[in-house]
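Derivation of every value follows stated rules applied to the coordinates shown; laboratory data play no part. On a predicted model such as this, the values are computed, not experimentally measured, just so you know. Note: ideal-geometry Cβ built from the backbone for every residue, glycine included; neighbour counts use all protein chains shown.
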Amino acid sequence: MTLTVEEDRSGPWTVLRVRGEWDPASCPEVRRRVHAAVAAGRRDVVLDLTEVASCEAGGVGVLIAARRLLNSCGGRLRLVLPATGPATAPAGATQVRRVLESLGVRRLFEVYGDLTAATGAAPAV
């Protein structure tokens, strides 16, 4: 399964929907899309990871770099990862959440359960 990144807008937010296998070969695509959004003057970015089938350490590195980039220019980064649990979240999103937690970096990110919450004023989960 290849990785795709689709871009959309929701108010001031640039939404990047990431789908598929997030492996070392696909990390540059996500990084490129975040950098392109910032270069275009967009400072509020949501990465919707709901449909990511798997994520390795390289993907986490991209998330950390994206957070750093957006913080350096006064922007915001939010992640969409549905709550864990077999009945409430796709397996990939649950796996991404577990990777972030196991590496001890989950606390670095504003994580939301769905896109509506991430682009609105709802508190992070």
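Around the Cα centre of region 4-119, unit charges on the Cβ atoms of Lys, Arg, Asp and Glu (plus for the first two, minus for the last two) sum to a dipole of about 440 debye. Diagonalising the gyration tensor over the Cα atoms of the chain and scaling each eigenvalue by 5 before taking the square root yields semi-axes of 20, 17, 14 Å, largest first.
By how many nm would the segment from ARG98 to ASP23 grow when fully extended, if each residue of separation counts as 0.36 nm and the alpha-carbon distance is taken off? Intermediate values should be presented prior to the final figure.
Numbers: separation 75, 0.36 × 75 = 27.00 nm, distance 1.59 nm.
Roughly 25.4 nm would be gained on extension.
Computed on region 4-119, with alpha-carbon pairs under 8 angstrom and 6+ residues apart, the relative contact order is 25 percent.
Okay, helix-only estimate at 222 nm for the chain: each DSSP H run of n ≥ 4 adds -39500 (n - 2.57), divide by all residues, round to 500 deg cm²/dmol; what do you get? Display every interim value, and only then the final one.
Details: 4 runs with 46 residues, N = 125.
Here the helix-only value at 222 nm equals -11500 deg cm²/dmol.
Going by how many other Cβ atoms sit within 10 Å of their own, how do TRP13, TRP22 line up, fewest first?
On the way: TRP13 19, TRP22 27.
Least to most surrounded, the residues fall as TRP13, TRP22.
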